[in-house]
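Before any comments, here is the structure.
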Number of protein chains: 2
Amino acid sequence: MQGLYFDGRQAMLRDDLPVPEPQVHESLVRISLAAICNTDREIMKGYKPDFTGILGHEFVGVVEKSNDPALIGRRVVGEINEGCGECLYCKTGREHHCESRKCIGIARKDGCFAPFMTTATRLLHAVPDNVPDEQAVFAEPLAAALQIPEMVQIRPSEEICVIGDGRLSFLIAQVLALTGAEVTVLGKHEDKLRRFQSFAKTATACDRRFEVVVDAAGSPSGIEAAMKLVRSRGTIVLKSTYAGNTETNLSSIVVNEVSIVGSRCGPFEPAVRLLSRGLLELPPVELHPITDWEKAFASRAFKAGFDFREK
Amino acid sequence: MQGLYFDGRQAMLRDDLPVPEPQVHESLVRISLAAICNTDREIMKGYKPDFTGILGHEFVGVVEKSNDPALIGRRVVGEINEGCGECLYCKTGREHHCESRKCIGIARKDGCFAPFMTTATRLLHAVPDNVPDEQAVFAEPLAAALQIPEMVQIRPSEEICVIGDGRLSFLIAQVLALTGAEVTVLGKHEDKLRRFQSFAKTATACDRRFEVVVDAAGSPSGIEAAMKLVRSRGTIVLKSTYAGNTETNLSSIVVNEVSIVGSRCGPFEPAVRLLSRGLLELPPVELHPITDWEKAFASRAFKAGFDFREK
């Protein structure tokens, strides 16, 4: 089959990839849509030099083979981390942190930028009929947004700030606004900020302070801005990953008793429930054939991806 | 009266200081003992250039005048932060973070390195008769140690690491060990670490990982060590303040979903209860007359301080 393959140094379209065969605990998924995440770009820039395999981890597809007969023929989305099941992390509810975990399209496991993919059956979640593929493909980043209230208590009466006007911020701000809290999104681009205005306040500069500040800016400047925006005894949630170190004044964390919480992948079931209830604004995904992968990666659309469905 | 005064640049013994007169909400405290904290040294090095006044914030004394008649003649210890009572922080239980707070011996208020000091009466806590002055003077740093379980849930089944073998670590490790948790103290000095061995494990190097890591090393190397010692989804508590910025890998906080919690001054009532129950090992305070202040500040004793009691 044809797929977008990363050889540890660069991405390339290959035609010689075998259709994978599921192991006993796995399912074979025929991919319908797959979306590009910034992490895919970071991998292509050298973020995961140990990874070789098919790229991609945001998908919706249909189960073709499975150890769970009830899933065969069902539309599914899927979690990306598969722990070993044996280590301290796996046994204490922290499978996402298993040190030998497989992570589709990122570590030790082929991803979804191809017509077929295998994955552990327990990671799959059936998609309700009322959620179209074009929305279901947002399940993974939406789950990542939901990891914020999973880790930090969001009080509906508190003022919250989200730094960044990109894709992840768009989902984070919506999830947090659903609590009833007043959300202010701080960004650099007036045109991008306009998209947030039905559910959040927006600003390009701000001298107020907030109880919770989410840094989804995707750059090292985010933490510095967050330190100025957070109240004493408030919480900063970090969502951005990027290479290298950042200079921070640690004493001000102590003196102001600030909490900093790192947050990564999140829970799929609530993401699917929110999608099914139609509570989120989701922009259209710009779809390309996999043969146009370079064009898709260069796209400036809010979300770009690949369409594997037969026309 | 005689007192150790800081003029914004340096400390000096002055003989011309007036005995302070309490305001309507204040008490006049005759100081019995006052102890030196590392913050006093940091102020003398330039940490608080805006402060001028009598230094010192760890004390035990006797109330001579007060708006609360029940306190007159009582032995007391005292909290150090007095908020304005009007601002958002004061009105949301965060008086310690009031931006116009007075802090005895540190900001906008004379401290305790003199025979008399005034302070807001509501900040004073009576000392039970069974707690000698030499132990009561530890109330303030002990309260700071207790701010850790005040901010972070300490589970008795979890493994905890305290980085640093100094005075604050000594109190922190004891407070955390009282929960029943296994505490490992990581230090650089075998002789200092020996003092911890009745209540904690000790080590000069460690390749294990912990659910909670407290950085009380007092230097920028502490956070780097803490990042290596903490488990994924674990918590780092920062207790050390020092000047300048520190380089940190923020992406590893996100990927490993680590929480970092800054923690400063703490609750006095539980500190006094623990002192009264005799549950803590407290080394002797090396006492000097205030005239020997330079010798006291140069002392390498575990805790040095000043004795104002009449012989």
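Laboratory data are not the source of any read-out in this text; all were calculated from the coordinates shown. Remember, predicted model here, so these are calculated numbers, not experimental data. Note that we place each Cβ from the backbone using ideal geometry, even for glycine, and neighbour counts take in every protein chain shown.
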* To do: Among B:H189, B:H96, rank each residue by its count of other Cβ atoms within 10 Å, from fewest to most, as a rough exposure measure.
  => B:H189, B:H96
* Structure fact -> Hydrodynamic calc, the protein assembly as shown: Kirkwood Rh from Cα pairs, then Stokes-Einstein at 4 °C with viscosity 1.567 mPa s, so D in µm² s⁻¹ is 48
* If only Cα atoms are counted, what is the Rg of chain B, and what is its Dmax, in Å? -> 19.6, 61
* Asked: Based on DSSP, what percent of beta bridges with both residues in the protein assembly as shown are antiparallel, to the nearest 5?
  -> 60
* Structure fact -> With B:G266 itself left out, Lys, Arg at +1 and Asp, Glu at -1 over residues whose Cβ is under 11 Å from its Cβ give -3
* **Alpha-carbon centroids, the stretch B:60-85 and the stretch A:56-100: separation in whole Å** => 61
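Give, rounded to the nearest 20 debye, the magnitude of the charge dipole that the stretch A:75-209 has about its Cα centre when Lys and Arg contribute +1 at Cβ and Asp and Glu contribute -1 at Cβ.
Values: 17 positive and 18 negative charges, 41 e Å.
Dipole magnitude for the stretch A:75-209 comes out near 200 debye.
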* To do: Kindly provide log₁₀ I(q)/I(0) values, in the same order as q = 0.19 Å⁻¹, from the Debye equation applied to equal alpha-carbon scatterers of the stretch A:205-310.
  => -1.06
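As a check on your grasp of the helix formula, calculate [θ] at 222 nm for chain A: sum -39500 (n - 2.57) over DSSP H runs of n ≥ 4, divide by the residue count, round to the nearest 500. Mind dumping the intermediate values first?
Values: 10 runs with 76 residues, N = 311.
Counting only the DSSP helices, I get -6500 deg cm²/dmol.
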* Work out the charge dipole of chain B with +1 on the Cβ of Lys and Arg and -1 on the Cβ of Asp and Glu about the Cα centre, then indicate which of B:P115, B:A271, B:T235 is farthest towards its positive end. => B:T235
* Which distances, in nm and shortest first, link the A:H189 label point to the same label point in every other copy, taking 7 Å along Cα→Cβ? -> 5.5
* Asked: What pairs in B:K65/B:K239; A:K239/B:K102; A:K109/A:K295; B:K48/B:K228 have C-alpha atoms more than 30 Å from each other?
  -> B:K65/B:K239; A:K239/B:K102; B:K48/B:K228
* Among beta bridges that DSSP assigns inside chain A, antiparallel share in %, nearest 5 -> 55
* **More than 27 angstrom apart: percent of Cα pairs within the stretch A:49-181** => 30
* **Within the stretch B:191-311: Cβ-based charge dipole about Cα centre, in debye rounded to nearest 20 (Lys, Arg +1; Asp, Glu -1)** => 400
* To do: Between beta-carbons, use under 13 Å as the cut-off and find the net charge around B:P156, counting Lys and Arg +1, Asp and Glu -1.
  => -3
* **For chain A, built as a Gaussian network whose Cα springs stay under 10 Å, the top-fluctuating residue of A:N67, A:N81, A:N249** => A:N249
* To do: In whole Hz, with x marking every Gly and Pro, tabulate ³J(HN,Hα) for the stretch B:24-32 from phi via Karplus 6.51 cos²θ - 1.76 cosθ + 1.60, θ = phi - 60°.
  => 4, 9, 10, 10, 9, 10, 7, 5, 8
* Mind checking the log10 I(q)/I(0) for the stretch B:144-262 at q = 0.11 Å⁻¹? Debye, one equal scatterer per Cα, no solvent, two decimals. -> -0.31
* the stretch B:1-66 - percent relative contact order, Cα under 8 Å, separation 6 or more -> 42
* GluC sites (Glu not before Pro) lying in DSSP loop within the stretch B:263-311, provided at most 15 other Cβ fall within 10 Å -> B:E281, B:E310
* Evaluated over the stretch A:230-288, the Cα radius of gyration and Dmax, each in Å -> 17.5, 51
* To do: Arrange the following residues from fewest to most other Cβ atoms within 10 Å of their Cβ: A:T241, B:T204, A:T235, A:T179.
  => B:T204, A:T179, A:T241, A:T235
* For a footprinting-style exposure proxy, rank B:F297, A:F170, B:F268, A:F308 by other Cβ within 10 Å, fewest first. => B:F297, B:F268, A:F308, A:F170
* Directionally averaged shadow of the stretch B:7-120, computed from the convex hull of its alpha-carbon atoms, nm² -> 7.3
* **Other protein chain Cβ atoms within 10 Å, averaged over every residue that makes up B:63-70** => 0
* To do: Over the whole of B:259-269, what's the average partner chain Cβ count within 10 Å per residue? Rounded to a whole number, please.
  => 5
* Structure fact -> Among residues of chain A, the one whose beta-carbon sits nearest the axis that rotates A onto B, given with its distance in integer Å, is A:I260, 2
* What whole number of Å gives the distance from the Cα centroid of the stretch A:201-272 to the Cα centroid of the stretch B:286-309? -> 43
* To do: Taking the Cα centre of the stretch A:102-159 as origin, work out the dipole magnitude from +1 charges on Lys and Arg Cβ and -1 charges on Asp and Glu Cβ, in debye rounded to 20.
  => 440
* Under 12 Å from the Cβ of A:P220, count the other residues' Cβ atoms, weight Lys and Arg +1, Asp and Glu -1, and hand me the total. => -4
* Structure fact -> For the stretch B:102-109, in residue order, the Karplus 3J(HN,Hα) values (coefficients 6.51, -1.76, 1.60; θ = phi - 60°; whole Hz; Gly and Pro = x) are 8, 9, 4, x, 10, 7, 6, 7
* To do: Evaluate peptide B:172-178: per residue, the Cβ atoms of other protein chains within 10 Å of its Cβ; return the mean as an integer.
  => 0
